[in-house]
């Protein structure tokens, strides 16, 4: 899962901005471990560099970041040391971004999925465009919305976070703003000019100006009452039944997506999002680490990756194969504390928000004005 980080992570200081470009466009800028480590290292350097007033992270090509390097994880099956390291490195980075002491501007243009959400949705300033395609599609490959996805999905309006996590639905930039997963909507053609303005500016005026540009209508906002009706239920089985009784196109799509997903992943996701309400990003990441380490010793993740990514036959054979067969005790065991080193975090930097105490972000404008 490693590569030449100098080529895959382009870093420069331009004016007052530290600019990072994820540079693996041929794989939609998916994150390998050298990129995760390199980004964390660069952010640390810039945190104490007086030349850098803010950081901008963007992707090369048509994607911001479509997630982690799933193939590398698949190829490392059985390597417990690798699984510990890769998830520890990723989650430590996500937590660090959530409390970064300088404005961290994520340009979430194009595909922004899975691990790509980890390095963007937790940012202090999140910019989307008309090309943004945001999703947490992990249930389709036998995983769950990790990178503290449970934290930000649990804060979405109504039951929209459960809908997004349980179906892996793709959201537009306008949807992301409505769900609270992004702050600003700008035209993609204006991103380069925005970066240049940020690099030259001594105050956050360019982003404040962008904030005055309203996004187009959100489809999910228009569907919220219908989605709430189906997803505000007390179990995954009840949600599936509610979707089956609806004739709406969105409901049929959601029903089909959930029937195709790993039953175990659906139960994990449902519980994780419901329990994340009021929890900190750190607490959610600790839970994610427990879940990920155990799932890496199981069947569904590797079978889902085989079916959707490797062989592409789209015929995963889940174990267990249905919701009715999922043992609640097995789900409890996945969430239980580990019998070895848990994920842990360093103390917050002086002057930065403490992710252990703050359940969620204070907001982009507030962070910019500090």
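Quick one: is residue 147 over 25 Å from residue 256 (Cβ atoms), surrounded by fewer than 24 Cβ atoms within 10 Å (Cβ to Cβ) and out of contact with any strand residue (DSSP E or B) (no Cβ under 7 Å at 6 or more places or on another chain)? When the stated conditions are applied, residue 147 does not pass them. Looking only at region 1-43, which residues are free of Cβ contacts under 8 Å to residues at least 24 places away in the same chain, over 21 Å from the mean Cα position of the chain (by Cα) and part of a helix (DSSP H, G or I)? Passing the criteria: 6, 7.
Of the listed requirements (1) surrounded by fewer than 23 Cβ atoms within 10 Å (Cβ to Cβ); (2) touching a residue at least 60 places away in the same chain (Cβ under 8 Å); (3) out of contact with any helix residue (DSSP H, G or I) (no Cβ under 7 Å at 6 or more places or on another chain); (4) more than 20 Å from residue 292 (Cα to Cα), residue 72 misses just one: (4). Restricting 172, 131, 167 to those that are surrounded by fewer than 23 Cβ atoms within 10 Å (Cβ to Cβ), touching a helix residue (DSSP H, G or I) at 6+ places or on another chain (Cβ under 6 Å) and farther than 23 Å from residue 92 by Cα reduces the list to 131. Residues of region 75-90 that are more than 19 Å from residue 288 (Cβ to Cβ) and either touching a strand residue (DSSP E or B) at 6+ places or on another chain (Cβ under 8 Å) or touching a residue at least 40 places away in the same chain (Cβ under 8 Å) (or both): 77 alone.
The condition of being touching a helix residue (DSSP H, G or I) at 6+ places or on another chain (Cβ under 6 Å), surrounded by fewer than 21 Cβ atoms within 10 Å (Cβ to Cβ) and under 23 Å from residue 114 (Cα atoms) holds for only one of 159, 182, that being 159.
Determine, yes or no, whether residue 108 is touching a strand residue (DSSP E or B) at 6+ places or on another chain (Cβ under 6 Å) and over 19 Å from residue 86 (Cβ atoms). Yes: the conditions hold for residue 108. Is there a residue being in a loop (DSSP other than H, G, I, E, B) and at pLDDT below 95 anywhere in region 322-330? The answer is no, given that none of the residues of region 322-330 is in a loop (DSSP other than H, G, I, E, B) and at pLDDT below 95.
Scanning region 45-61 for residues that are out of contact with any helix residue (DSSP H, G or I) (no Cβ under 7 Å at 6 or more places or on another chain) and farther than 17 Å from residue 118 by Cβ yields a total of 8. All but one of (1) crowded, with 21+ Cβ neighbours inside 10 Å; (2) closer than 25 Å to residue 289 by Cβ hold for residue 56; state the number of the condition that does not hold. Here residue 56 clears every test but (2). Inspect region 348-355 for any residue being touching a helix residue (DSSP H, G or I) at 6+ places or on another chain (Cβ under 6 Å), under 30 Å from residue 82 (Cβ atoms), modelled with pLDDT of 95 or more and assigned to a loop (DSSP other than H, G, I, E, B) and give the result as yes or no. No, region 348-355 contains no residue that is touching a helix residue (DSSP H, G or I) at 6+ places or on another chain (Cβ under 6 Å), under 30 Å from residue 82 (Cβ atoms), modelled with pLDDT of 95 or more and assigned to a loop (DSSP other than H, G, I, E, B).
The values are calculated or read from the model by the stated rules, or taken from the named source; none is laboratory data. Remember, predicted model here, so these are calculated numbers, not experimental data. With ideal geometry, Cβ positions are generated from the backbone for all residues, glycine too; neighbour counts draw on all protein chains shown.
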